[in-house]
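Inspection log for the structure reproduced underneath, given as structure tokens.
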Amino acid sequence: MSEQNATQESMHIDPYERNWIRISIILLIVFAAAVTIAGFALGFQVPSPEERVDPNNLTGPWENPGLRELSPGVYDLYIIGNATTWQFEPREVEVPVGSTVSFYVTSTDIQHGFKLQDTNINMQIVPGQVSKLTYTFDEVGTYDYICTEYCGVGHAAMFGSLTVVEK
Amino acid sequence: MTAATTIFRRPKTTSGFWGWVTTIDHKKIGIMYGYTAFFFLIMGGLEALLLRLQLAGPEGQILSQAEYNAMFTMHGTTMVFLVVMPMSAAFMNYLLPLMIGARDVAFPRLNALSFWIFLFGGIFLYSTFLFGTTGAPEGGFLAEEASRLGSAPNGGWFGYAPNTEPQFSPGTVLDYWSIGLQIIGLASLMSSVNLITTIFNLRAKGMRLLRMPVFAWMSLVVNFLLMFSIPIIAVALFMITFDRQFGSQFFQTANGGDPILWQHLFWLFGHPEVYILILPAMGIVSEVLPVFSRKPLFGYAAVVFAGAAIGFLGFGVWAHHMFSSGISPVAQAAFGLSTMTIAIPTGIKIFNWLGTMWMGRLQFTTPMLFAIGFVAMFTIGGLSGVTHSIVPSDWQQTDTYYIVAHFHYVLFGGAIFGIFAGLYYWFPKLTGRMYSERLGKWHFWLMFLGFNLTFAPMHWLGLQGMVRRTWQYAADMNLGPWNMAVTIGAFIIAGSILIFMWNWTVSRRRGAEAGIDPWDARTLEWTIPSPPPEYNFAEIPTVTSLDDFWHRKYSEDEEGRAVRREEAGTLVADLEYRGNNPEKPIHLPSPSYFPILIGISIMLIGYGIVYNSFAWGIALLAAGVLGTATSFIGWAQEPAEEPAEEETDGEEH
């Protein structure tokens, strides 16, 4: 008799436990759906390699990094990170409010990071690879960009700033 | 070649200095692992305190930039490779044979070799503070003369190439790092083979796999993880060593090397490594909670299989460390999902631990407090870990203090709390005496308070945008107050560690006699005298069920409550008497000089490789190779029998 009880008990799932299991499964499904929708339907940007470049010999726009105006209020911004001088080039950028800026960032030597404070831009900068993200600046202010990927003794000194000014 | 065997007679002594140096007893090796790891815990802790002093206020000036980089690199490297891993090895070495009813591990001399290689690898790594040199890349405007404190590896514990390539990190400190870790990895690899063999081959009669204590199970999983993940980091370290020493181009972007390759290799090792650090603590907690809840572990099989599942899944999540490095959206989604999946077995364990305590008659001893602290803190860390699986959220957290907060909640709140639970729990077995419960509780509450004061604010600092591995922060970032709180917390932790050291030192000499089974426990190590005799079991036990010892002491009433059998007291007294008085003399393998000799020789090889451009470096290399080869031959020819029979035996070979 006791054995039978034991089998029945082991099959029994407490209502609280069953609810826990349900909630966990629903949460997992929600998470999975959120990731999938964000990745594929909403087209969230990934700082994916926009193009490959030769880190020893940066040509084209990289010869003269900085801001390029494509049309009024739409900019491409080319930035190079460097671990000999621990600087971003350029260090200071100014755009009018309401601008949409595409950041193209690469490195001449080792891995760096590029994080634009107070925005959701954060990418790893890999030599030989151009990382790209786009952001629209609707508020006037100064946005610092800093290197987030440890790059040697001058890592902490590696920063720059983007200023958004009134039109 | 027989010279080696005749030069070194097989040593006889099992006490005193030479007894420790030549020992192949798993318990002594475990104790040496423990003390060494604790020494490095103090070193890593001091490094952490320096880091926190530097960051206590904005624009700190305690450390120079070079020193700061050296300190955070050494703090991470030390805590992972020289503290938590060897501390787990200490528990596994000491307890595994006792828990499965064996007299020693499968290969006792190999076990000693693992320890000595680990020790000399650690000494090699730390000798960088004496001999290491640093530098900045050519033309770098921050090139500065580093102090001795700054003359330590400075590439981060993750050592991302190409930053660790010679032109960006000249000097020898990163050679010490890469070769030092290579040596330490060798020790882990050997010990994993040894312990897996021990678990599969040396279990007592009736100790089926699913009757093993959970700690033994978690050790098995960890050792498989080690066996499969250490070779990956070994390959990566060989590559960087070759790049640095012999001009190969694996990570030289300028010549077509791959800058991301290191990240993949490192994290393919690094993520299983995280489970290597946490699973032994999970095993310890799974032993402690049932004993002090007076109940069997809830869902034994679920805990075991969840542990194994973590082992498998742990190899499939590494890219979540590199979501911002430009891997494709499909890969990001896949690794995000696999990271969520690994939370499931972890959650199963947490609920099983809660189920174990549920309706139990809880006894809040120090090990129990640490075990409960583990469950609570690990849950927080686990949940913040799940937030990393959401890719867009992870990009924002990457390289911020939020990550630092997360992994300290799992590795300190998890692994270190689990280790302290184990240290207190098995202290009576180890020493035969009881620790001071009052001091133990002080230790726990101070550490619990200090821990949360240190690491909880890091979540907020990270979300405020405080970036990791950065020497100073500007005053206008408004990060000062919480950073000050963090620093105060770090010193409270340091204070609690001092209490632990005091408690340990005094109690092991003057504590009350513990007897063989002070906790009324469940597993085999409590059926033998405390401290265990050299032969462990006077008679190898026969096991008939999970928690065999408990069932010999307790039966159940109609409602399933445990009722202590009348004969339990006599049983324990009888076990103690018989454990101390074996019927037949027990033959144990003799000690050996060769493990420590090989350990020293391998350290010499390490120095030889670092200084291979000097003639004396080559000489060191040659000495090391010769020492290793000779010792191995001596080892192979070492007679298994007592020294008395050695001479005649030796000549026959």
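Derivation of every value follows stated rules applied to the coordinates shown; laboratory data play no part. Owing to the predicted nature of the structure, the values given are computational and were not obtained by experimental measurement. Heads up, the Cβs are rebuilt from the backbone with ideal geometry, glycines too, and the neighbour counts pull from every protein chain shown.
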In which sequence would B:Ser15, B:Ser496, B:Ser338 go, from the one with the fewest C-beta neighbours within 10 Å to the one with the most?
B:Ser15, B:Ser338, B:Ser496
Normalised Cα Rg of segment B:573-643, dividing by 2.2 N^0.38 Å with N its residue count, works out at 1.82
Among bridges DSSP assigns within segment A:48-165, what percent are antiparallel (round to 5)?
70
Taking neighbour Cβ counts within 10 Å as the exposure measure, how do B:Met74, B:Met501, B:Met32 sort from fewest upward?
B:Met501, B:Met32, B:Met74
Considering the alpha-carbon set of segment B:453-502 alone, what are its Rg and its Dmax in angstrom?
13.0, 42
Restricting things to alpha carbons, find the Rg to Rh ratio for segment B:287-404 using the Kirkwood radius for Rh.
1.08
Relative to the compact-globule scaling 2.2 N^0.38 Å, provide the ratio for the alpha-carbon radius of gyration of segment B:25-212.
1.23
Using eta = 1.002 mPa s and T = 20 °C, Stokes-Einstein with Kirkwood Rh from Cα pairs puts D for segment B:380-449, in µm² s⁻¹, at 151
For n ≥ 4 DSSP H runs only, could you compute -39500 (n - 2.57) per run for chain B, divide by its residues and tell me the 222 nm figure to the nearest 500?
-21500 deg cm²/dmol
Would you kindly compute the Cα radius of gyration of the protein assembly as shown and its largest Cα-Cα separation (Dmax), both in Å?
28.5, 98
Cα centroid distance between segment B:353-375 and segment B:213-256, in Å?
37
Scan of chain B for trypsin sites (Lys or Arg not before Pro) in DSSP loops with at most 16 other beta-carbon atoms within 10 Å gives a longest site-free stretch of B:362-560
Student exercise: in the protein assembly as shown, how many lysine pairs 8 or more apart or on different chains have Cα atoms under 17 Å apart?
6
Give me a single rounded figure for B:469-481: the average over its residues of other chain Cβ atoms within 10 Å of their Cβ.
2
For segment A:48-165, what log10 I(q)/I(0) values come out of the Debye formula at q = 0.20 1/Å, with one point per alpha carbon and no solvent?
-1.07
Which three extents, in angstrom, do the Cα atoms of chain B have along their principal axes, listed largest first?
78, 67, 48
For B:335-345, mean number of other protein chain Cβ atoms within 10 Å
2
